[in-house]
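Quick notes on the structure that follows.
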Amino acid sequence: IYSVENYIKTHPVSKYTPYTYYMKALAYYDQIELPQRDQSMTEDAKQAFTELISRFPTSSYVKDAKAKLALINDHLAAHEMVVGRYYLKKEEMPAAIERFKDVVSNYSTTSQVEEALYRLVEAYLFLGMTDEARKNAAVLGHNYPKSEWYKESYRLLKAPNKK
């Protein structure tokens, strides 16, 4: 990464500069940890791929960069889910809700959204906030009507003991 950054500083307009940005992003990408771990390298990879796309939108590396960004976003959403589930298990519902809402708001195109909406239903029901739970279940049902998470949300909403 240091060598690539040094090259970029000394050759900012070289024909190889887009490739060096791509290599920098890949160097961060290769260091991504499991969702249960610190995600600083994932954030760095996201920033590096975003910078590549922004600076060199016609580069031959953009297609791969966009594909990797989609994977990175799913990975970051998975991290939020890990932390949210931890708070849910500890019955720290406001913290859990914030994590799940972050997934829904900031990672809406990822595979984590369905479960995040379900977990919001679960957390709101635990707090006795039935209207909020129903709203999230409705969003889940509207966007993912055949989802197992939706079916489970419906079951939770019908359960006599919401807590």
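The values are calculated or read from the model by the stated rules, or taken from the named source; none is laboratory data. All figures in this text were calculated on a predicted structure; none of them were measured in a lab. Note: ideal-geometry Cβ built from the backbone for every residue, glycine included; neighbour counts use all protein chains shown. Only protein heavy atoms, including side chains, enter the accessible area calculation; ligands, DNA and RNA are left aside. Shrake-Rupley method; radii C 1.70, N 1.55, O 1.52, S 1.80 Å.
Residues in region 83-100 that are within 18 Å of Ala133 (Cβ to Cβ) and not hydrophobic (A, V, I, L, M, F, W, C) were compared, and the one that is least open to solvent (accessible area, probe 1.4 Å) is Gly84.
Listed here are the residues, each with its yes/no results for (1) open to solvent by less than 60 Å² (accessible area, probe 1.4 Å); (2) touching a helix residue (DSSP H, G or I) at 6+ places or on another chain (Cβ under 7 Å).
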{"site": "Asp38", "(1), (2)": "no, no"}
{"site": "Asp64", "(1), (2)": "yes, no"}
{"site": "Met81", "(1), (2)": "yes, yes"}
{"site": "Asp102", "(1), (2)": "yes, yes"}
{"site": "Tyr107", "(1), (2)": "yes, yes"}
{"site": "Gln112", "(1), (2)": "yes, yes"}
{"site": "Tyr124", "(1), (2)": "yes, yes"}
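Against the test of being among the polar types (S, T, N, Q) and within 27 Å of Leu34 (Cβ to Cβ), the options Ser60, Ser147 yield a single qualifying residue, Ser147. Of all residues in region 138-156, those satisfying the criterion of being part of a loop (DSSP other than H, G, I, E, B), open to solvent by less than 100 Å² (accessible area, probe 1.4 Å) and not aromatic (Phe, Trp, Tyr) are Pro145, Ser147. Taking the conditions exactly as written (open to solvent by 40 Å² or more (accessible area, probe 1.4 Å), under 30 Å from Tyr7 (Cα atoms) and outside any loop (DSSP other than H, G, I, E, B)), does Ala70 satisfy them or not? Yes. For first residues located in region 107-118 and of a type in the set (Val, Ile, Thr), partners that are open to solvent by less than 20 Å² (accessible area, probe 1.4 Å) and part of a loop (DSSP other than H, G, I, E, B) and lie 6+ apart or on another chain with Cβ distances below 8 Å do not occur. Filtering region 53-66 for residues that are of a type in the set (A, V, I, L, M), without any contact (Cβ under 8 Å) to a residue 24 or more places away in the chain and not in a helix (DSSP H, G or I) leaves an empty set. Each residue in region 1-24 was checked for being over 14 Å from Ser60 (Cβ atoms) and part of a helix (DSSP H, G or I), and 10 pass. Of all the criteria given as (1) within 30 Å of Phe49 (Cβ to Cβ); (2) in contact with an Asp or Glu (Cβ under 7 Å, 6 or more places away or on another chain); (3) of a type in the set (Phe, Trp, Tyr), the one not satisfied by Tyr86 is (2).
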